[in-house]
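Step one of this worksheet: look at the structure below.
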Amino acid sequence: MDLKLKDKVCIVTGATSGMGKSIATLFHAHGAKLVISGRNKERGNSLAKELAGAVFVSGDVSEPQYNALLVKTAMQHFGKLDIVSLNAGTLGLGNVVELSMEDWHKTVDVNLSAIFYMSKHAIPHLEKSNGTILINASIAAYKSFPNHPAYCASKAGAVALMKQLAVEYGPKVRVNAICPGPVDTPFIWDSAKAFAHPESAVEDAGKATLMKRLGTPEEVSKLALFLVSEDAAWITGTAMTIDGGILNA
C-alpha cells in the first residue's frame, strides 16, 4: 500500500468516536504518527492501544490550554508536527429562545473557538513543516436545520475561519475544511432529537440525499486522507462537501 502519510505527525481531535475515530484509524494505516484527543478516557486509551504508537491525551478542546498541551505532546513525543485534523464537535440543541447561554457558549467554544486555540499553538510548527490543517465542519455551514442555532452558526464560522487562515498562512500552511452531510455516527442520532419526528429523522435524512442513504465515517475519512496528503498539494482555502448530494436535492 502507498503510505500517503508515512512518518507524518498528526494531531486528531474528536478521535474517540465517529468520523474522528475513522480518520485517526485511516491516518495510522497510512503511516502517520498520532496524538489523539477526546474526552472519553476509556475509548481513547483503547484506541491508542489499537493504533500502535499513538499517544492519547484526554481533555476538552474548548479549553485553550488543552490545545497547547496537544501540540506540546506532539513535539515532545515526535519532534515535529505536520497535520492537524479537527473533528471535535457538539450540538447545542434548542431554538434561540430555549437554548441556554451556557449551551450556546459551549457549542461555539467546541466547534469554533477550539479551531482558533489549536491554530494559535500549532501554526508556528506547521510553518516549519509546510503542514496542513483540516477542519471537520458541516453542511450546516450552508443549510440550516430547526433547533440547531449554535451548531449552524459555529459551523459557518468554522468555514470562514478556515478561509482566513488559508489566506494568512499560505503558502507554508494549507488549510481546508470538509463539510459532511448526514453520516451514520452517534452524533446524527443525537441531532435527530431536535426534529419534530426524531424516530424517523435519521432515516429521512438518508432518503433526502441524492444517493438515498446515509454516508459512512469511512467515506469521510478517505476524503480527509486525500486533503492532508501530498495528492492535494495545490488545494487550500477550500471547503469540500461530502453529503450524498443533499445540498442539491
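For the structure I just gave you, tell me whether residue 81 is within 24 Å of residue 242 (Cβ to Cβ) and aliphatic (A, V, I, L, M).
No, not satisfied.
Residues in the stretch 17-42 that are assigned to a helix (DSSP H, G or I), of a type in the set (D, E, K, R) and either touching a residue at least 40 places away in the same chain (Cβ under 8 Å) or surrounded by 17 or more Cβ atoms within 10 Å (Cβ to Cβ) (or both): how many?
Start the filter on the stretch 17-42 by keeping residues that are assigned to a helix (DSSP H, G or I), which leaves 18-29, 41-42.
From the residues that got through so far, the ones that are of a type in the set (D, E, K, R) too are 21, 41-42.
Filter once more, keeping what is either touching a residue at least 40 places away in the same chain (Cβ under 8 Å) or surrounded by 17 or more Cβ atoms within 10 Å (Cβ to Cβ) (or both): 21.
The total comes to 1.
Would you call residue 147 touching a strand residue (DSSP E or B) at 6+ places or on another chain (Cβ under 7 Å), outside any helix (DSSP H, G or I) and not hydrophobic (A, V, I, L, M, F, W, C)?
Criteria not met by residue 147.
Residues are listed down the side, and each one gets a yes or a no for (1) acidic (Asp, Glu); (2) part of a loop (DSSP other than H, G, I, E, B); (3) closer than 30 Å to residue 197 by Cα:
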position	(1), (2), (3)
66	no, no, no
81	no, yes, no
93	no, yes, yes
97	no, yes, yes
105	no, no, yes
123	no, no, no
140	no, no, yes
153	no, no, yes
157	no, no, yes
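Quick one: which of 32, 24, 48, 15 is at pLDDT 95 or above, closer than 20 Å to residue 219 by Cβ and out of contact with any helix residue (DSSP H, G or I) (no Cβ under 8 Å at 6 or more places or on another chain)?
32
Determine, yes or no, whether residue 106 is over 27 Å from residue 148 (Cβ atoms) and of a type in the set (D, E, K, R).
no
Just one of 44, 31 is more than 13 Å from the chain's Cα centre (by Cα) and at positive phi; which is it?
Numbers: 44 fails: at positive phi.
The unique qualifying residue is 31.
Select the helices (runs of 4 or more DSSP H) contained entirely in the stretch 171-236, then report the ones holding at least 3 residues which are buried (at least 18 other Cβ atoms within 10 Å of the Cβ) and out of contact with any Pro (no Cβ under 8 Å at 6 or more places or on another chain).
By residue number, 217-228.
Let me confirm something: among 136, 111, 95, which residue is of a type in the set (S, T, N, Q) and more than 14 Å from the chain's Cα centre (by Cα)? Show your work before the answer.
Details: 136 fails: more than 14 Å from the chain's Cα centre (by Cα); 111 fails: more than 14 Å from the chain's Cα centre (by Cα).
Just a single option satisfies the conditions, and that option is 95.
The values are calculated or read from the model by the stated rules, or taken from the named source; none is laboratory data. Since this is a predicted model, take the numbers as computed values, not measurements. Don't worry about glycine lacking a Cβ; one is built from the backbone with ideal geometry, like all the others, and counts go over all protein chains shown.
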